[in-house]
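The values are calculated or read from the model by the stated rules, or taken from the named source; none is laboratory data. Every value quoted in this text rests on a predicted model; they were computed, and no experiment measured them. Every residue, glycine among them, receives a Cβ derived from its backbone with ideal geometry; neighbour counts consider all protein chains shown. Quick note on the areas: whole protein, heavy atoms, side chains included, nothing else; ligands and nucleic acids left out. Shrake-Rupley method; radii C 1.70, N 1.55, O 1.52, S 1.80 Å.
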Amino acid sequence: QPARLAQAWGEETWKIYQTRQSAARLRNCVTPEELRLKFQRCYQASEARLPQCKAVHANPDSYWRSQPGRSTSTHSEDFKRMDLASKCCAFNYSALLLNSPRDPPFPWEQDYLCGTGPLLKLEDTAYASRSTIRLDGREATGGARFFYVGDRVSFEVVVRNGRGEVQALGGDSVRVWLVGAAGLGAAITADLTDLRNGSYRATSVLPWAGKVEVKATIAHTRNLFRTVAYIQRYFTTSHWFTALWKKGAFSEATPCSPYPALPAFSADEICNLTNKNGGFPWYCGKPIKKGLNCSDYVSARKIDYPSFLPLTAAEEELIELTESKRPFLIPSSISFDVRPKTGTTDTTLPLPTLPCNQRDFSQTFTETDQFGYLYAHQWRPFACRLPNVTADFLQQCLKDTQILYLGDSNTRLQMDIVTPLVNCRNIIKRARHNWHAPLWCDNEALKISVKYFPPMHPFYGSVGEQVKPEVLSSPVEKMDAIPATGKYIVHLHLFLHFMPFHLGLAEHRLQLLRSSTERLLARNPHVFVIYQSAFSSYDHSAKNKHKMNILLAELQRTIMAGLGSRVMFVRTFPITVAIENKSGHPKESNQFMNLYMGHICGR
């Protein structure tokens, strides 16, 4: 097997790859030797888990392609063979390597891939249990710590690996937050600075009186970021799609991707379905049956589970731990009392006098993680005062308004929160829990219309679900279809469906959304656009997709910034850190709705 792997790699492939701009920057960061050793281990480990992988490894390409002469309708069998190939680490990696998901690489990508080698021992990564957090602050006589409402406190976090050594490069995803006494419903996320030497400085204002407890975690380690960056650059995705081709009695299934690089398919054997995907890149293997061609594409389905990929044993264990054990809490016994300011009985900071509907939206793009806090289970921004967003309030606010929710299931969740409040009647009704199709709800008396459209591929439906292109929509086309007159609110949120892919894909989609937003703002003076960011989640489900969330949130903020006073950025990350969100669909998503509707209504 090692000899066959070396032959499959081919020096010519490596020479071609090295001519690319990204390769010049990543040279000696991920080497052929690293890939060869990981593939060798992956083949051996997969055969130990699944004995049938031995037959797959004997002819891996045949498992990604429909086999001739079996029958006219083979899509079910084809899918099972690709699913098995994915579980067996059976990738034509020399072909995938030639694809460059982004040239040049992101600066952070180069940092993680070149500054950190593959993880060989789990103890080499950051361990929350060996890390420390220390309070920098005043202590009263007798050692009893107390502060006053409005004081600022700072903390030093030192990240260490499993041997207790300081992780001197930085780049770990450290989070610090403060929580109030049980029942108070109070929490705030600290601002954090990575000092790039293993130390992190966290700072926070103290906005409420009472007992305060300090919590800290390493949500994702530098080694995890390196592992995921390696997967996404060299294998394009951790979770493949398949196409269903069908015409008359003929059917077939082949692999699909937003990149023109597919296992076992050469460049001239790939169908470019970008036009059928609303202008967003989408490529699928060309069917081999004589009765089928590229125009016979019917739908796409995700492979049931993410791929078994070429990793070290330690990298594999790190991913599994990240998915099952988060958050990794840093030991902390820091707690203190916060008292009302001398001469007052105020238990919180005074509420701002500026109503949120008079605030410049562009300021939401420059906010830090400390842009507000939770108190009495309600989010309070520091910059402005939110109104009480009730049903009556929303119905008066949204008269003669159309709301378009464009995005994934968390966008649909926002529609689910709004529609009961505006008392609308379903025109297109949700027929089941896992609903991946448009929705439409109208209040005819108040002329309020609320619509939801899921985005084009990559879109991960439920296990076994064939997602047809006609139930998906291009958010760019939906925005471009808005006329020059009429009141509109456009809500955008694209997150989890991008996470298995290189973030260059999300960057491309965001750039297209920015351009369509610019056209819309120039055309219609009565439009508001809301971009809801990626959020924090300690989702314990297997193969969760939250590993690069903090990097995507920053990408969203920087690309959508600078569009003027009618575009708002809903920074959900610090809200979900403060509430210790553990779900891929945050239960406190109503806080996001209160935030953006409280800024829009009355404007």
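Data for the structure
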quantity: Qualifying residue in the stretch 203-220 (condition: in contact (Cβ under 8 Å) with a residue 24 or more places away in the chain and touching a helix residue (DSSP H, G or I) at 6+ places or on another chain (Cβ under 7 Å)); calculated: yes
quantity: Pairs where the first residue, in the stretch 407-426, is in contact (Cβ under 8 Å) with a residue 40 or more places away in the chain and under 13 Å from VAL389 (Cβ atoms) and the second is in a helix (DSSP H, G or I) and open to solvent by 10 Å² or more (accessible area, probe 1.4 Å), C-beta under 7 Å, 6+ apart; calculated: ILE417/ASN590
quantity: Matching residues, the stretch 447-474, being more than 20 Å from TYR283 (Cβ to Cβ), touching an Asp or Glu at 6+ places or on another chain (Cβ under 8 Å), open to solvent by less than 40 Å² (accessible area, probe 1.4 Å) and not small (Gly, Ala, Ser); calculated: ILE448, VAL450, PRO454
quantity: Output for the stretch 347-386, where each listed residue is open to solvent by 50 Å² or more (accessible area, probe 1.4 Å), of a type outside the set (Lys, Arg) and more than 22 Å from ALA190 (Cβ to Cβ); calculated: THR353, LEU354, GLN358, ASP360
quantity: Tabulated pairs, the stretch 108-137, first under 13 Å from GLY164 (Cβ atoms), second acidic (Asp, Glu), C-beta under 6 angstrom, 6+ apart or interchain; calculated: ALA126/ASP172
quantity: Condition met for ARG201 (open to solvent by less than 20 Å² (accessible area, probe 1.4 Å), within 28 Å of the chain's Cα centre (by Cα) and closer than 29 Å to LEU351 by Cα); calculated: no
quantity: Options PRO306, PRO381, PRO287, PRO352: the member that is in contact with a Pro (Cβ under 8 Å, 6 or more places away or on another chain) and within 30 Å of SER76 (Cα to Cα); calculated: PRO306
quantity: Criterion violated by LEU503 - all others in (1) open to solvent by 10 Å² or more (accessible area, probe 1.4 Å); (2) under 22 Å from the mean Cα position of the chain (by Cα) satisfied; calculated: (1)
quantity: Search result, residues across the stretch 24-54 that are closer than 18 Å to PRO310 by Cα, of a type in the set (A, V, I, L, M) and exposed (fewer than 14 other Cβ atoms within 10 Å of the Cβ); calculated: ALA48
quantity: Failed item in (1) more than 25 Å from the chain's Cα centre (by Cα); (2) open to solvent by 10 Å² or more (accessible area, probe 1.4 Å); (3) under 28 Å from PRO340 (Cβ atoms), with LEU192 passing the rest; calculated: (1)
quantity: Qualifying residue in the stretch 513-527 (condition: in contact (Cβ under 8 Å) with a residue 60 or more places away in the chain and either more than 24 Å from PRO281 (Cβ to Cβ) or not in a loop (DSSP other than H, G, I, E, B) (or both)); calculated: no
quantity: Restricting the stretch 397-452 to residues that are acidic (Asp, Glu) and part of a loop (DSSP other than H, G, I, E, B), the residue that is farthest from LYS478 (Cα to Cα); calculated: GLU444
quantity: Residue in the stretch 172-184 that is open to solvent by 40 Å² or more (accessible area, probe 1.4 Å) and of a type outside the set (A, V, I, L, M, F, W, C) present; calculated: yes
quantity: Some residue of the stretch 328-337 being open to solvent by less than 20 Å² (accessible area, probe 1.4 Å), under 30 Å from PRO118 (Cβ atoms) and in contact with an Asp or Glu (Cβ under 9 Å, 6 or more places away or on another chain); calculated: no
